[in-house]
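**Student:** Can you read through this structure? Questions will come right after.
The values are calculated or read from the model by the stated rules, or taken from the named source; none is laboratory data. Here the structure is a predicted model, which is why all the values come from computation and not from measurement. Cβ: placed from backbone, ideal geometry, glycine included. Neighbour counts: every protein chain shown.
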Amino acid sequence: MTQLLYIETFGCQMNERDSEIMAQLLGEQAYLQTDQPELADVVVVNTCSIRGKAAHKAYSCFGRYKKLKEKKPDLILAVTGCVAQQDGAALLERMPYIDIVMGPQAIYTLPSLVAAARRDKMPQVVTDLSAEFVIPPFLPSLAEGPAHKRFITIMQGCDNFCTYCVVPYTRGREISRNFADIMGEATHLVSHGVKEITLIGQNVNSYGKKGAHRQSQGFPELLRAVAGIDGLERLRFTTSHPKDLSEELMRCFVEIPSLCPHFHLPVQSGSNSILSRMNRKYTIEAYLDKVARLREYRPDIALTTDIIVGFPGETDDDFAATMQTLETVRYHGSYSFKYSDRPNAKAADFPDKIVEEVKTERLARLQARQEEIALALKQAEIGRIVEVMVEGASKAPANQWSGRTGSNQIVNFSCASQLVPGDLLMVEIEGACQNSLRGKMI
């Protein structure tokens, strides 16, 4: 008997990929996805707790599902992701109507947990984190999601223990996936028409280097192997830790034609004293030196970053150093946030917290300047002819399409012909907006 599944996903690309996996696993048990939670027989909330705001969003949605449970007692409500891992069985004390609480390592057991919750009428809690956990082989279905591009998880967890971050506590220690399993998944996707693959993990630069999960091939070798699959047009990856960025990886941007010239390299702060308190294990001088060498190898590379403002103890001079980093690097985009205490993270116990008004003012200044820089970089593209991969048609006006450049810039353009997501074509850039480019097809 076919039943309906609704998944609400918060947070990062790792969570997006986990949600795809859970949808496929339940799909194999005759569950069809719906975009209407009130019709669902199973609701999965895939949560994020990397920042306070993300966790609050997840908690706020639980109330909606409580009302659904009251109307539909047989509904199974499952909570996974970082909030589930972080709070565990304590979630049931606050929200006893939840049926399943499971951490990120448990997603592959979701079908059996759903069956147990139905059978036993008891909450199921699985939040163990094991350093011996092995990411299982998995061949994704092409039935759901975009047919032309996909994420592949190559590792999960993190060993860096930045003092503001919960990832080592919610996703565990670094676990690299088996090289052959990654290649099997990538080959499977490309053989079914996927044109672009993004390799994802908390710190892809350290792929294959650790303990029981050590692989004979490192990350540059993995990139070269995936890029060698016949039919793959574009290859991307995220996220990287600056301390692990090697010369060999930098060379890949020159030596691998399909590797897109876009690199997300989180800086977090421009101040050495703050970087030290964050336990980032690099100086701003070392970071800027790697940026300069990246641009020597690939002058057209588009850099994006993460920045935290208002970290405990951040002075006006520390913040000024971060603003100077913006001026020096000139990022194409940044994800910037106000610092917030996170459970288990060491910085939660730091004194000298920054008051909310100062954090808000600093964030506004940083984001305003970043927007100016990003717009100027887009305006510099006017007149150039760039390769664009089609994402899809705009809903309005007619004959308008959208795609992305190799540097991950959105381009909107007109075309009377019927295009297909994944098509590659050349577009001349005619205009620049804050978040996109405008062009005409050549």
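**Student:** Mind checking which residues of the range 223-236 are in contact (Cβ under 8 Å) with a residue 60 or more places away in the chain and within 19 Å of the chain's Cα centre (by Cα)?
**Tutor:** Scanning the range 223-236 gives Arg234, Arg236.
**Student:** Would you call Glu144 in the same structural domain as Cys252 (by TED's automatic domain parsing) and not in a loop (DSSP other than H, G, I, E, B)? Before you say what the answer is, go through the steps one by one.
**Tutor:** On the way: in the same structural domain as Cys252 (by TED's automatic domain parsing): yes; not in a loop (DSSP other than H, G, I, E, B): no.
It is false that Glu144 is in the same structural domain as Cys252 (by TED's automatic domain parsing) and not in a loop (DSSP other than H, G, I, E, B).
**Student:** Let me ask something else about it. Please state which of the following conditions Arg342 fails to meet, knowing it meets all the rest: (1) part of a helix (DSSP H, G or I); (2) modelled with pLDDT under 95; (3) not hydrophobic (A, V, I, L, M, F, W, C).
**Tutor:** The number of the failed condition is (1).
**Student:** I'd like the full set of residues that are in contact (Cβ under 8 Å) with a residue 40 or more places away in the chain, over 25 Å from Ser340 (Cα atoms) and under 24 Å from the mean Cα position of the chain (by Cα), limited to the range 252-302.
**Tutor:** Phe253, Cys260, Pro261, His262, Phe263, Leu288, Lys290, Leu294, Arg298, Asp300, Ile301, Ala302
**Student:** Follow-up question, since we're still on this one. Can you report the number of residues in the range 392-427 which are assigned to a loop (DSSP other than H, G, I, E, B) and either under 24 Å from Ala374 (Cβ atoms) or polar (S, T, N, Q) (or both)?
**Tutor:** Going residue by residue through the range 392-427, those that are assigned to a loop (DSSP other than H, G, I, E, B) are 394-399, 406-409, 415-423.
Remaining after also requiring either under 24 Å from Ala374 (Cβ atoms) or polar (S, T, N, Q) (or both): 394, 399, 406-409, 417-418.
Qualifying residue count for the region: 8.
**Student:** Right, here's the next one. Any residue that is in contact (Cβ under 8 Å) with a residue 40 or more places away in the chain, part of a loop (DSSP other than H, G, I, E, B), within 23 Å of Gln409 (Cα to Cα) and of a type in the set (Asp, Glu) - is there at least one of those in the range 380-387?
**Tutor:** Taking every residue of the range 380-387 in turn, at least one turns out to be in contact (Cβ under 8 Å) with a residue 40 or more places away in the chain, part of a loop (DSSP other than H, G, I, E, B), within 23 Å of Gln409 (Cα to Cα) and of a type in the set (Asp, Glu).
**Student:** Kindly establish whether Gly103 is small (Gly, Ala, Ser) and within 21 Å of the chain's Cα centre (by Cα).
**Tutor:** Details: small (Gly, Ala, Ser): yes; within 21 Å of the chain's Cα centre (by Cα): yes.
In short, yes.
**Student:** Here's a follow-up. Does the range 428-442 hold any residues that are under 27 Å from the mean Cα position of the chain (by Cα) and either charged (D, E, K, R) or assigned to a loop (DSSP other than H, G, I, E, B) (or both), and which are they?
**Tutor:** Of the range 428-442, the ones under 27 Å from the mean Cα position of the chain (by Cα) are 432-438.
Cys433, Gln434, Asn435, Ser436, Arg438 - these are the residues of the range 428-442 that are under 27 Å from the mean Cα position of the chain (by Cα) and either charged (D, E, K, R) or assigned to a loop (DSSP other than H, G, I, E, B) (or both).
**Student:** Given the conditions (1) crowded, with 20+ Cβ neighbours inside 10 Å; (2) under 15 Å from Ala58 (Cα atoms), which single one is not true for Ala106?
**Tutor:** So the condition that Ala106 fails would be (2).
**Student:** Give the range 1-12 a look and list any residue that's over 16 Å from Ala58 (Cα atoms) and either of a type outside the set (A, V, I, L, M) or in contact (Cβ under 8 Å) with a residue 60 or more places away in the chain (or both), or say none. So that I can check it myself, show each step before the final result.
**Tutor:** Applying the first criterion (over 16 Å from Ala58 (Cα atoms)) to the range 1-12 yields 1-5.
Of everything in the range 1-12, those that are over 16 Å from Ala58 (Cα atoms) and either of a type outside the set (A, V, I, L, M) or in contact (Cβ under 8 Å) with a residue 60 or more places away in the chain (or both) turn out to be Thr2, Gln3.
**Student:** Still on this model: So Lys57 passes all but one of these: (1) surrounded by fewer than 20 Cβ atoms within 10 Å (Cβ to Cβ); (2) closer than 27 Å to Thr2 by Cα; (3) under 19 Å from the mean Cα position of the chain (by Cα). Which condition number does it fail?
**Tutor:** Lys57 satisfies all of (1) surrounded by fewer than 20 Cβ atoms within 10 Å (Cβ to Cβ); (2) closer than 27 Å to Thr2 by Cα; (3) under 19 Å from the mean Cα position of the chain (by Cα) except (2).
**Student:** Mind checking which pairs have a first residue in the range 351-379 that is not assigned by TED's automatic domain parsing to the domain that holds Asn435 and outside any helix (DSSP H, G or I) and a second that is of a type in the set (A, V, I, L, M, F, W, C) and at pLDDT 95 or above, Cβ under 9 Å, 6 or more apart or different chains?
**Tutor:** Pairs that qualify, where the first residue is not assigned by TED's automatic domain parsing to the domain that holds Asn435 and outside any helix (DSSP H, G or I) and the partner is of a type in the set (A, V, I, L, M, F, W, C) and at pLDDT 95 or above, are Ile354/Val309; Ile354/Phe311.
**Student:** Filter the range 374-394 down to residues that are closer than 30 Å to Glu327 by Cβ and in contact with a His (Cβ under 9 Å, 6 or more places away or on another chain), then give me how many there are.
**Tutor:** Count: 3.
**Student:** From Leu265, Leu259, Leu288, Leu275, grab the single residue that is modelled with pLDDT of 95 or more and within 24 Å of Ile229 (Cβ to Cβ). Lay out the reasoning, then the answer.
**Tutor:** Values: Leu265 fails: within 24 Å of Ile229 (Cβ to Cβ); Leu288 fails: within 24 Å of Ile229 (Cβ to Cβ); Leu275 fails: within 24 Å of Ile229 (Cβ to Cβ).
One residue alone meets the criteria, Leu259.
**Student:** To continue, here is another question. If we keep just the residues of the range 293-339 that are basic (Lys, Arg) and assigned to a loop (DSSP other than H, G, I, E, B), which is surrounded by the fewest Cβ atoms within 10 Å (Cβ to Cβ)? Break it down stepwise before answering.
**Tutor:** Residues of the range 293-339 that are basic (Lys, Arg), as a first pass: 293, 295, 298, 330, 338.
Restricting the remaining residues to those that are assigned to a loop (DSSP other than H, G, I, E, B) gives 298, 330.
On the way: Arg298: 18, Arg330: 14.
Checked the range 293-339; the qualifying residue surrounded by the fewest Cβ atoms within 10 Å (Cβ to Cβ) is Arg330.
**Student:** Out of all the residues in the range 211-265, which are closer than 16 Å to Glu196 by Cα and charged (D, E, K, R)?
**Tutor:** Arg224, Asp230, Glu233, Arg234, Arg236 - these are the residues of the range 211-265 that are closer than 16 Å to Glu196 by Cα and charged (D, E, K, R).
**Student:** Let me ask something else. Where in the range 180-283 are the strands (runs of 3 or more DSSP E), entirely inside, with at least 1 residues that are among the acidic types (Asp, Glu)? Don't jump to the end; show me each part of the working.
**Tutor:** Numbers: elements: 196-200, 234-238, 262-264.
By residue number, 196-200.
**Student:** Check off (1) in the same structural domain as Ala55 (by TED's automatic domain parsing); (2) at pLDDT below 95 for Leu113 and give me the number that stays unchecked.
**Tutor:** (2)
**Student:** Of the conditions (1) surrounded by fewer than 16 Cβ atoms within 10 Å (Cβ to Cβ); (2) outside the structural domain of Thr238 (by TED's automatic domain parsing), Pro136 satisfies every one except a single condition; which number is it?
**Tutor:** So Pro136 meets the others, but not (2).
**Student:** Filter the range 206-219 down to the residues that are touching a Ser or Thr at 6+ places or on another chain (Cβ under 9 Å), more than 15 Å from Ile135 (Cβ to Cβ) and surrounded by fewer than 20 Cβ atoms within 10 Å (Cβ to Cβ) and list them by number.
**Tutor:** Lys209, Gly218 - these are the residues of the range 206-219 that are touching a Ser or Thr at 6+ places or on another chain (Cβ under 9 Å), more than 15 Å from Ile135 (Cβ to Cβ) and surrounded by fewer than 20 Cβ atoms within 10 Å (Cβ to Cβ).
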